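Single-structure report; data block below.
The values are calculated or read from the model by the stated rules, or taken from the named source; none is laboratory data. Since this is a predicted model, take the numbers as computed values, not measurements. Neighbour counts are summed over all protein chains in view; Cβ atoms, including those assigned to glycine, are modelled from backbone coordinates with ideal geometry. Side chains are part of the model used for accessible areas, which takes the heavy atoms of the whole protein and leaves out ligands, DNA and RNA. Shrake-Rupley method; radii C 1.70, N 1.55, O 1.52, S 1.80 Å.
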Amino acid sequence: MKKILFFVLMCCTLVSCDYEVDGARLKTIRVIVNASDWQYTQQDASDQFNNNYFYFGVNMPEITEKVFDYGEVKAYAVFDRSSLTYARKHLLPYVLHVEESMANGDWLYFTETYDFTYGIGWAEFNFRTSDFAYEDNVNINPPAMDFDIVITYPQEF
């Protein structure tokens with residue numbers, strides 16, 4: 001039952017479309033990561049302060065050996081997709097400098113980094129903050145995110 005549920009959820013979170021630009025075949029795959037989908041690299045208490053980060057992995061059969069060797073794979077963080085005024089994409093890695101006002105009047109300053117890595121048949125999104133506050137507070141979790149993976153398939157040679 002868990003496998004069926006996982007398959008249904010993956011089908012719901014991955015949406016793609018193919019198109020051609022100047023003879024190059026492109027495919028865009030939308031990946032939605034819910035806040036609860038992020039996994040944490042910390043395995044046990046002994047690696048609590050070990051540069052841990054959050055990740056979300058996805059199977060990507062579209063990234064074949066030929067694409068890996070001769071094509072191109074890029075990922076974008078997408079914000080406000082449904083807004084005509086505020087919709088925007090950031091090529092990964094995306095680095096955001098953040099300042100937050102605390103209840104006591106102090107300010108927190110840190111950097112959020114969204115990154116992307118891939119291999120043959122898979123892709124992974126990563127999230128880190130420069131203050132590593134999640135090392136001390138396990139209730140901190142990255143937000144839900146919307147990503148686009150764009151694959152440029154190699155032309156026949």
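For the pair segment 49-100 and segment 112-133, the centres of their Cα atoms are 8 angstrom apart. Surface analysis of segment 95-148 yields an accessible area of 58 Å² per residue, using protein heavy atoms and a 1.4 Å probe. Modelled spin-label separation between R81 and H97, with each label point placed 7 Å from Cα along the Cα-to-Cβ direction: 3.0 nm.
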